[in-house]
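Student: Okay, here's the structure, questions in a sec.
The values are calculated or read from the model by the stated rules, or taken from the named source; none is laboratory data. What you see is a predicted model; the values in this text were computed from it and never measured. Note that each Cβ is placed from the backbone with ideal geometry, even for glycine, and that neighbours are counted across all protein chains shown.
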Amino acid sequence: MFFYNIPIFDWLALVLLILVWSAYTWFADFSRWSKNSLPKVMNVHRGRWMRDMLRRDLRMPDVIVMGHFVHSSVFFASTAILIIGGLVTSLGSSEKAMEAITALPFVSPTSQGLWELKIVALICAFICAFVKFIWAMRLANYSCVLFNALPFENRDISDQYAIELGKMTGLFAQHFNQGLRANFFALALLGWWLNTWFFIASIAIVLWVIYRREFRSQSLIIANKLMLLTDPYVETEIQVQEKAKPFDTNAAGVTKNINHSAM
């Protein structure tokens, strides 16, 4: 692999992807702003699901949902390993693959070393996705075992047990979401096959799409409203935005007149 003759601009674009990916993972999963994201709001619903499950005698639907967690992780992990195998195979026939790709319109000429770097970067991205999905599958299996080990008789222990089990399913969701995020950034790497500028634009597009889905989507608004209906004491971002709205002076005047007339 002749990585030494790769233009510095391509190296900088690759470093930009790594920095954006790492920074967004910290922002969405570990920062103080992450509590307003859709995955964190869904963690609240998962905890409530586990607590409400204790009050049900029939738990077969809950078992089916837990099984879907495992199947979803297995599906995406299998897809990732197949893609990794195909990319590794393409390294052995890189010349033919380069000829086929460079024949497409808007594709910039590329060297052998740069082409191999693009393939290796894609392999690393899908390896990251595979590792996340595999660990999510293990967490889903652990959740299923702990789910069936729920104590039935001691109510105090069961309530605390359900809370901790909700945290375990939240860990599954976090790693599963990080695996999906790796797939998104792998799509941004595909833009590199055209040219470096399109690669940078793809990073920006993927970042905006992920951010909007997790922090500005309609599904987040619905999940927040449902959380308010089930737990009115929880203050969500919707309530904070409502408090920040300008005060209605007409309504204030009406309220003031009502108070004077009452006096």
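Student: Given (1) over 19 Å from D29 (Cα atoms); (2) among the β-branched types (V, I, T); (3) buried (at least 18 other Cβ atoms within 10 Å of the Cβ), where does I127 come up short, assuming only one miss?
Tutor: If we test I127 against (1) over 19 Å from D29 (Cα atoms); (2) among the β-branched types (V, I, T); (3) buried (at least 18 other Cβ atoms within 10 Å of the Cβ), just (3) comes out false.
Student: I've got another one for you. Would a scan of the range 142-151 turn up a residue that is farther than 30 Å from I119 by Cα, over 16 Å from the mean Cα position of the chain (by Cα), of a type in the set (F, W, Y) and at pLDDT 90 or above?
Tutor: yes
Yes/no matrix, rows are residues, columns are (1) among the polar types (S, T, N, Q); (2) farther than 27 Å from D57 by Cα; (3) touching a residue at least 24 places away in the same chain (Cβ under 8 Å); (4) part of a helix (DSSP H, G or I):
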site: V120; (1), (2), (3), (4): no, yes, yes, yes
site: I127; (1), (2), (3), (4): no, yes, yes, yes
site: V145; (1), (2), (3), (4): no, no, no, yes
site: M168; (1), (2), (3), (4): no, no, yes, yes
site: L171; (1), (2), (3), (4): no, no, yes, yes
site: I200; (1), (2), (3), (4): no, yes, yes, yes
site: W208; (1), (2), (3), (4): no, yes, no, yes
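Student: When you go through M42, M50, M66 one by one, which is the residue that is in contact with a Ser or Thr (Cβ under 7 Å, 6 or more places away or on another chain), part of a helix (DSSP H, G or I), of a type outside the set (F, W, Y) and touching a residue at least 40 places away in the same chain (Cβ under 8 Å)?
Tutor: Just a single option satisfies the conditions, and that option is M66.
Student: Criterion first (closer than 25 Å to L139 by Cα, at pLDDT below 95, touching a Leu at 6+ places or on another chain (Cβ under 9 Å) and of a type in the set (K, R)) does R59 satisfy it?
Tutor: yes
Student: What pairs can you find where one residue is in the range 93-116 and part of a loop (DSSP other than H, G, I, E, B), the other is exposed (fewer than 14 other Cβ atoms within 10 Å of the Cβ) and at pLDDT 75 or above, and their Cβ atoms are less than 7 Å apart, with a gap of 6+ or different chains?
Tutor: S111/N5
Student: Within the range 1-20, can one find any residue that is modelled with pLDDT of 90 or more, within 14 Å of the chain's Cα centre (by Cα), surrounded by 12 or more Cβ atoms within 10 Å (Cβ to Cβ) and among the small types (G, A, S)?
Tutor: no
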